[in-house]
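Notes to accompany the following structure.
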Amino acid sequence: MPRTAVFGGSFNPIHYGHLLLADDLLEILGLDRVLFVPAKHPPHKDPSRLAPAEERLAMVRLATRDHPGFEVSDIELTRPGPSFTVDTLAALAQPGERLFLIVGSETFLDLLAWRDPRRVARLARLVIVPRVGSPFDSESEAAQKVLRELGVEDGFTTVDGARIPERGVIVSGAASMPISASELRRRVREGRSLAFRLPPAVEEYIRAHGLYRESPL
């Protein structure tokens, strides 16, 4: 059965932290592909702080073009309205294909604020990636509450390359880097180096198109 991990986000801009994480999960979870899905209108983000969706999509395509296990979808750019993950997963679901959804640990704890979170958990197996330097406490009341509300009965399971249990929410040991998109945007505004933080093709695109030069409103 084909295995696809859906990696959604604003990617404002995409950077090496995103790419390293996706490459590591490809191996750890035995995936056939990681599908990057840039959001057009993330419901919980201020649109004034985002580069145009078409520009962010172009940067994701540049960053992923040379990796055989990476693909990019424009599904959220071609669909009108806010970019709700449940709608994306429903559109991507295919008979005989196993979907995984990559989320940060903070995002997981906020999952109940999403549209139809129980259906999200039914459509795709959740993969939590803890933020660098901030371990995810699966025994915390907040984490357990989300688990109960989602209707997931098999708890959390940590996976770092061993055999993957068939059920439950995965807490990944995938590699990650302490790079933030907000810091990269600030560096652009200040005229500072972006070297070793994102692919050269993405850096060139940002410079050529004048992205992130102005302070957000």
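The values are calculated or read from the model by the stated rules, or taken from the named source; none is laboratory data. Remember, predicted model here, so these are calculated numbers, not experimental data. Cβ sites come from the backbone with ideal geometry, for glycine too, and all protein chains shown count toward neighbours. Keep in mind that these areas ignore ligands, DNA and RNA; they rest on the heavy atoms of the full protein, side chains included. Shrake-Rupley method; radii C 1.70, N 1.55, O 1.52, S 1.80 Å.
Projecting label points 7 angstrom from Cα along Cα→Cβ for Phe196 and Glu71 puts them 3.5 nm apart. If you wrap the tightest convex hull around every Cα atom of the range 2-91 and split its volume per residue, you get 97 Å³.
For the chain, what Kirkwood radius comes out of the mean inverse Cα-Cα distance, in Å?
Kirkwood hydrodynamic radius for the chain: 17.9 Å.
Beyond 14 Å, what percent of the Cα pairs of the range 47-89 remain? Percent of Cα pairs beyond 14 Å in the range 47-89: 56. Pairwise Cα separations in the range 62-143 fall into 5 Å bins from 0 onward with the following percentages, short to long: 3, 12, 19, 21, 21, 14, 8, 2, 0. The phi-based Karplus calculation (6.51 cos²θ - 1.76 cosθ + 1.60; θ = phi - 60°) puts the 3J(HN,Hα) values of the range 6-23 at 8, 10, x, x, 7, 6, 10, x, 5, 8, 5, x, 4, 5, 5, 4, 5, 5 Hz, whole numbers, x for Gly and Pro. For the range 188-205, backbone nitrogen atoms closer than 17 Å to the point 7 Å from Asp23 Cα along Cα-to-C-beta are found at 195-203. Calculated mean residue ellipticity, 222 nm, the chain: -10000 deg cm²/dmol, from DSSP H runs (n ≥ 4) at -39500 (n - 2.57) each, averaged per residue and rounded to 500.
Note on the range 109-217: the C-alpha convex hull projects to 9.8 nm² when averaged across all orientations. Here each label is just a point 7 Å from Cα along the line to Cβ, and for Arg207 and Arg122 those points are 5.1 nm apart.
Would you work out the charge dipole size for the chain about its Cα centre, treating the Cβ of every Lys and Arg as +1 and the Cβ of every Asp and Glu as -1, and quote it to the nearest 20 debye?
I would put it at about 460 debye.
Rolling a 1.4 angstrom probe over the range 57-183 with all protein chains present gives an accessible area of which 47% lies on carbon and sulfur atoms.
Reducing the range 1-60 and the range 103-139 to their Cα centroids gives an inter-centroid distance of 15 Å. Annotation: peptides 34-47, 169-182, ranked by per-residue average of other Cβ atoms within 10 Å with the highest first, follow the order 34-47, 169-182.
For the range 1-55, what number results from the quotient of the Cα radius of gyration and 2.2 N^0.38 Å? Could the numbers behind the result be given before it?
Values: Rg = 13.0 Å, N = 55, 2.2 N^0.38 = 10.1 Å.
Computed over Cα atoms of the range 1-55, the ratio equals 1.28.
Could you tell me which residue out of Leu89, Ala39, His209 lies farthest along the dipole of the chain toward its positive end? Charges go on the beta carbon: Lys and Arg +1, Asp and Glu -1, centred on the Cα centre. Value computed over the given set: His209.
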